[in-house]
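Data block below; observations after.
The values are calculated or read from the model by the stated rules, or taken from the named source; none is laboratory data. The shown structure was predicted, so the numbers you read here are calculated from the model rather than taken from an experiment. Cβ atoms come from the backbone with ideal geometry, glycine included; neighbour counts cover every protein chain shown. Accessible surface areas use protein heavy atoms only, side chains included; no ligands, DNA or RNA. Shrake-Rupley method; radii C 1.70, N 1.55, O 1.52, S 1.80 Å.
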Amino acid sequence: MNLLKRSLSILFTCTLLFSFFSCENFFEGSSLLKDLDKELESAATGEVVINLKALNSSGSYNRPTNDKEYSTKLYKSFNLEYEINNEYKFNCWKVLDSDGNDITDKGYVEFENVEDMTTSAKILKHIDGLTIYADCYLIPKVVSITPNNTNTGVTWDTDIVITFNKPIINCEDDNCYTIFNEATGDEKY
């Protein structure tokens, strides 16, 4: 009797599942089929290894890890957090291929907010050597001025040399600098 109940239960379940999934309109217009495909693709792909990089000495990754690699699954959301050093400014998140080419717009990674140092992301397509890059830049800062403001006897035609902590755009015209006179409020370009 117990065997008969079990057999009827299995037969009933199979019939119910067959009638439920055989309905042609069940998957049409629904994201369920897409979600199922994503889950199957994620399971088939296995772990995806992502390289985490940034400009040397610009800061460090806090999430997902402070290591140089992170493993995740396709379509699984994970948090990104980059802590930046004071001398740098965060620009945006970028995606690079194994040759260092920018492939941010190619649909491999989706960022919740590409311009936020703390955001979430998920891998949409896998390629070997995928890198998530925290794009930062060194903030320009004056490191020296010659002649300095304590020099005396400086003639009016003496060159003023301003040295920055990084190369500044090489301008061929006079529009790459501004001189501001605090006393008068005038600007000269």
* Scan (1) β-branched (Val, Ile, Thr); (2) part of a loop (DSSP other than H, G, I, E, B); (3) touching a strand residue (DSSP E or B) at 6+ places or on another chain (Cβ under 8 Å) for the single condition Ile145 breaks and write down its number. => (2)
* Asked: Taking Lys94 and the conditions (1) part of a strand (DSSP E or B); (2) open to solvent by 60 Å² or more (accessible area, probe 1.4 Å), which numbered condition does it fall short on, given that it satisfies the others?
  -> (2)
* Structure fact -> Thr146 vs (1) of a type in the set (Val, Ile, Thr); (2) more than 30 Å from Asp157 (Cα to Cα); (3) surrounded by fewer than 15 Cβ atoms within 10 Å (Cβ to Cβ): all pass except (2)
* Structure fact -> With the first residue restricted to segment 45-63 and required to be touching a residue at least 40 places away in the same chain (Cβ under 8 Å), and the second required to be among the basic types (Lys, Arg) and loosely packed, with under 14 Cβ neighbours inside 10 Å, Cβ contacts under 8 Å at 6 or more apart or on different chains are Asn51/Lys68; Leu52/Lys68; Lys53/Lys68
* Asked: For segment 155-166, what are the residues that are outside any strand (DSSP E or B), of a type in the set (Val, Ile, Thr) and open to solvent by 70 Å² or more (accessible area, probe 1.4 Å)?
  -> Thr155, Ile160
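Table: residues versus (1) modelled with pLDDT of 90 or more; (2) open to solvent by less than 70 Å² (accessible area, probe 1.4 Å); (3) under 27 Å from Lys166 (Cα atoms); (4) not basic (Lys, Arg).
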| site | (1), (2), (3), (4) |
| --- | --- |
| Leu52 | yes, yes, yes, yes |
| Gly59 | yes, yes, yes, yes |
| Tyr75 | no, yes, no, yes |
| Ser98 | yes, no, no, yes |
| Val114 | yes, yes, yes, yes |
| Ile132 | yes, yes, yes, yes |
* To do: Report yes if some residue within segment 28-47 is under 11 Å from Ala134 (Cα atoms) and either modelled with pLDDT of 75 or more or in contact with a strand residue (DSSP E or B) (Cβ under 7 Å, 6 or more places away or on another chain) (or both); otherwise report no.
  => no
* Asked: From the residues in segment 79-91 that are more than 12 Å from the chain's Cα centre (by Cα) and not aliphatic (A, V, I, L, M), which one is most open to solvent (accessible area, probe 1.4 Å)?
  -> Asn86
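For segment 116-130, give me each residue that is open to solvent by 70 Å² or more (accessible area, probe 1.4 Å) and either under 9 Å from the mean Cα position of the chain (by Cα) or of a type in the set (Asp, Glu) (or both). Working first, answer last.
First, the residues of segment 116-130 that are open to solvent by 70 Å² or more (accessible area, probe 1.4 Å): 118, 125-126, 128.
Result: Asp128, single match.
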